[in-house]
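Take a look at the structure below.
The values are calculated or read from the model by the stated rules, or taken from the named source; none is laboratory data. From a predicted model like this one, the values you see are computed outputs, not experimental measurements. Here the Cβ positions follow ideal geometry from the backbone for every residue, glycine too, while neighbour counts run over all protein chains shown.
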Amino acid sequence: MHQQNQNNLHIPVLLSQTLHFLSPRAGESYLDLTGGYGGHASAVLEQTKSPERAVLVDRDSNAIAELKKRFMKEQGIEIRHADFYSASQQLRTEGRTFDLILADLGVSSPHLNQASRGFSLKSDGPLDMRMDQTQSLTAEIMVNTYSAEELANILKRYGEEPKAKLIASLIVEHRPLTTTYQLAEIVAKAWPGYSKVHPATRTFQALRIAVNDELELLRKSLSVWTDDLLAPGGRIVIISFHSLEDRLVKQAFTEKAGDRYDAPLRLLTKKPVVGDDTEIVFNPRARSAKLRAAVKQK
Ligand SMILES: C[S@@+](CC[C@H](N)C(=O)[O-])C[C@H]1O[C@@H](n2cnc3c(N)ncnc32)[C@H](O)[C@@H]1O
């Protein structure tokens, strides 16, 4: 089953698997930490039928505007514009807990498809890469002001780029850089004669993770989700899109699930669940998606 919103902006990945592991029941509360364009949320709400017990979070103001439009008729639904770590801290302070928690991490299709957001090396745009348009740090600031050493660390750590040092020194040598095509061209100099995947893919991933502080926010949030926000008997599903994220989720879930009889979590997925061939053909974003799920012990 695949659902799209009215404007076909974003197709939710692993939707039937998400519903399977969340197994929403009528009346249950729902926290969607990456509401996006509401594809997952709409399918979950169809089953809980309790929008007044749902909170949708996103750090992107375009996504927030689309969520407000899409769920305008859902009485009592809460839509919060924030990064999921601050939203989670706030919800903890308010003493809220949820039966169903979903985090479908990373970027949405509009991020990649709108050249002006600067996420994609396939179209020319400003070097922006911010998910939250109100944030001051952009990729342009990073590539034009960070030292070669800092850039190399970012490329190595978040992009697992084997030629991190060389690319960082090429960036420093050719700056100022202002567009995605300029950056992609500079990176390609480090990989002459490449085939298939553009060699700047890893650099773009690394800068995007660094600009949005993605791994640190996820790392800090995981324990708030499992310890504080998930209600006893509640189910949590996390969908990640690269190995660095999946590793953090796996570690956090495994630590809490442990071998003790009184471990707070029980894993619903021993291995990550991935998309089948049909979904991958229909929705290329599903190619790298990995889903992990757990239930909180009562
Ligand atoms: C893959 S999309 C989610 C799509 C959504 N599940 C749907 O069906 O439309 C990821 C969304 O999460 C948001 N996001 C990513 N990291 C975030 C964070 N740390 N805090 C809040 N939102 C975040 C992005 O802005 C994006 O809209």
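Only one of the numbered conditions (1) part of a helix (DSSP H, G or I); (2) closer than 20 Å to Pro12 by Cα is violated by Thr269, and that is (1). Answer yes or no as to whether Ile64 is surrounded by 17 or more Cβ atoms within 10 Å (Cβ to Cβ), modelled with pLDDT under 95 and either within 12 Å of the ligand (Cβ to nearest atom) or closer than 20 Å to Asp228 by Cβ (or both). Spelling it out, it is not the case that Ile64 is surrounded by 17 or more Cβ atoms within 10 Å (Cβ to Cβ), modelled with pLDDT under 95 and either within 12 Å of the ligand (Cβ to nearest atom) or closer than 20 Å to Asp228 by Cβ (or both). Pairs meeting the criteria (first residue in the range 203-217 and without any contact (Cβ under 8 Å) to a residue 60 or more places away in the chain and over 14 Å from Asn153 (Cβ atoms), second residue of a type in the set (Ser, Thr, Tyr) and more than 10 Å from the ligand (Cβ to nearest atom), beta carbons under 8 Å, at least 6 apart or on different chains) are Gln205/Tyr158. Would you check if Arg247 is free of Cβ contacts under 8 Å to residues at least 24 places away in the same chain and of a type in the set (Lys, Arg)? Considered against the rule, which asks whether it is free of Cβ contacts under 8 Å to residues at least 24 places away in the same chain and of a type in the set (Lys, Arg), Arg247 comes out as yes.
Restricted to the range 189-208, and to residues that are among the small types (Gly, Ala, Ser) and in contact with a Phe, Trp or Tyr (Cβ under 9 Å, 6 or more places away or on another chain), which residue is nearest to Val143 (Cα to Cα)? Selected residue: Ala206. The set of residues in the range 145-157 that are out of contact with any Asp or Glu (no Cβ under 8 Å at 6 or more places or on another chain) and not basic (Lys, Arg) comprises Thr145, Tyr146, Ser147, Ala148, Glu149, Glu150, Leu151, Ala152, Asn153, Ile154. Filtering Glu140, Glu149 for residues that are over 22 Å from Ser243 (Cα atoms), part of a helix (DSSP H, G or I) and in contact with a Ser or Thr (Cβ under 8 Å, 6 or more places away or on another chain) leaves a single hit, Glu140. Looking across the range 31-55, the residues that are more than 9 Å from the ligand (Cβ to nearest atom) and within 18 Å of the chain's Cα centre (by Cα) come down to Leu31, Val55.
Is it true that Arg80 is under 25 Å from Gly95 (Cα atoms), touching a residue at least 60 places away in the same chain (Cβ under 8 Å) and of a type in the set (Lys, Arg)?
no
With respect to Asp246, determine if the residue is away from the ligand (no atom under 16 Å from the Cβ) and at pLDDT 95 or above.
Here the answer is no, as Asp246 does not meet what is asked.
Quickly run through the range 256-266 and pick out the residues that are at pLDDT 85 or above and either assigned to a strand (DSSP E or B) or loosely packed, with under 12 Cβ neighbours inside 10 Å (or both).
Within the range 256-266, Asp262, Leu265, Arg266 qualify.
Screening Asp58 on (1) surrounded by fewer than 15 Cβ atoms within 10 Å (Cβ to Cβ); (2) modelled with pLDDT of 95 or more; (3) under 21 Å from Leu9 (Cα atoms) shows it passes everything except condition (1). Of all the listed residues (Ala87, Ala82, Ala148), the sole one being under 26 Å from Glu216 (Cα atoms), more than 14 Å from the ligand (Cβ to nearest atom) and hydrophobic (A, V, I, L, M, F, W, C) is Ala148. Answer yes or no: is there a residue in the range 237-248 that is surrounded by 20 or more Cβ atoms within 10 Å (Cβ to Cβ), in a helix (DSSP H, G or I), assigned by TED's automatic domain parsing to the domain that holds Arg25 and in contact with an Asp or Glu (Cβ under 9 Å, 6 or more places away or on another chain). Taking every residue of the range 237-248 in turn, at least one turns out to be surrounded by 20 or more Cβ atoms within 10 Å (Cβ to Cβ), in a helix (DSSP H, G or I), assigned by TED's automatic domain parsing to the domain that holds Arg25 and in contact with an Asp or Glu (Cβ under 9 Å, 6 or more places away or on another chain). For Gln135, the conditions (1) of a type in the set (S, T, N, Q); (2) within 16 Å of the ligand (Cβ to nearest atom); (3) more than 27 Å from Asp58 (Cα to Cα) are fulfilled apart from (3).
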